[in-house]
Structures are given as C-alpha cells and as structure tokens.
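Here the structure is laid out as structure tokens; the discussion comes afterwards.
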Amino acid sequence: MFNEYVKPTELQRDAQENIRVAQEKMKKNYDKHRCRAQNYNLGDVMVVRRLPEQTLLPNSKTQAKYRGPLTIIKVLPSDTYQVTDLRTAGEGRKRQPNYTTTVHASQLKLFHLITEDEDLSDGDCEDLITSYCNDDSDENSCIENTRPTRVRRTPHHLKDYKLY
C-alpha cells in the first residue's frame, strides 16, 4: 500500500470524509447534555441575571444576583428577548426610569409574586393574634393582625433541667 501512488484528490476526499464523520460524532456527543432554551411569551414577568459589580471588597457574595421584575416587550430571533422595567421612578426605582435591554433566554428566569393563597408557614411557627384599637373608639372597630412567632423548645441535652 505504501508503494502505490494515490492521487491527491482522492486523499483530499478521504480526509474530508474523515473530518465530516468526526464532526458528526462530536456533535452527537455534545448534544447529549444540551436542552432547548425555554420559550417565553410577550408580557411575561421575568428577572435577569446580573454580573457582579466591581467593588473594593474581594467577594460579591452580598450583591443582588438578579435584576427585576422586568416585562418582555418583544420576542427576537435566536431565543433573544427585549425586556423593560414598567415600574416608575417612585415605585422602588432609584435610577434609570426607562430601563430596556436585550437578553438571551439563558439569562432569564420567571418571576412570580407570592399570593395570599400560597401557604408559607412551616411547622415551627404558630400565629400570634394582636389587636390594635383606638382608645376613643368602640371595641368593634379593633383590627386583628396575625403574625407568626417562633415556638421555643428546650434543647434535648437540657431536658433534665428546669430553665427559668
């Protein structure tokens, strides 16, 4: 085989075929662990991942990881969205009254408000009922306010002792 003459065009064709097969194999392996980006609709309320700001401190642990809530105002090609902040300057906004940007779907996350229907209580709290009344009004106009309080339990290693 080493003594036979092979035309350069045949060598190039074999090399191109080997490259094509190798590329298909690499694409198949790469696509095993990939998923499609999530599709969002116009008007969805989102938060956008933000980069850490450069500060004098060595870490960015306490910086906000997301900016928002923002609303999708335009769907662009390639899983890209244009989002804007619909809040006005007096509603929790300090600067940039008309903030609008374009972001990729990988930087977006759905934002949902906690409603009264959702139960957030865990087993460690019980409701404390307090009443607020004006001294000059009748007792029927009192406002009751429920607020969770922590139930304190004696640690297991101190159960034999009487604590004050």
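The values are calculated or read from the model by the stated rules, or taken from the named source; none is laboratory data. Worth saying up front: this structure is predicted, and the values here are computed from it rather than measured. Counting neighbours? That spans all protein chains shown, and the Cβs are built from the backbone with ideal geometry, glycine included.
Could you please find all residues in the stretch 144-164 being of a type in the set (Lys, Arg) and outside any loop (DSSP other than H, G, I, E, B)? Within the stretch 144-164, 147, 150 qualify. Note on the stretch 18-77: residues that are charged (D, E, K, R), in contact with a Phe, Trp or Tyr (Cβ under 8 Å, 6 or more places away or on another chain) and in contact (Cβ under 8 Å) with a residue 60 or more places away in the chain amount to 1.
Listed here are the residues, each with its yes/no results for (1) at pLDDT below 85; (2) of a type outside the set (S, T, N, Q); (3) within 23 Å of residue 112 (Cβ to Cβ).
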site	(1), (2), (3)
13	no, yes, no
39	no, no, yes
47	no, yes, yes
63	yes, no, yes
95	yes, yes, no
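Taking the stated definitions as given, is residue 31 surrounded by 10 or more Cβ atoms within 10 Å (Cβ to Cβ) and either of a type in the set (Asp, Glu) or under 29 Å from residue 85 (Cα atoms) (or both)?
Working: surrounded by 10 or more Cβ atoms within 10 Å (Cβ to Cβ): no; either of a type in the set (Asp, Glu) or under 29 Å from residue 85 (Cα atoms) (or both): yes.
Criteria not met by residue 31.
With respect to the conditions (1) loosely packed, with under 10 Cβ neighbours inside 10 Å; (2) among the acidic types (Asp, Glu); (3) closer than 25 Å to residue 103 by Cβ, residue 4 falls short on a single one, namely (3). Taken together, the criteria place residue 63 among residues that are surrounded by 10 or more Cβ atoms within 10 Å (Cβ to Cβ), polar (S, T, N, Q) and either assigned to a strand (DSSP E or B) or within 15 Å of the chain's Cα centre (by Cα) (or both).
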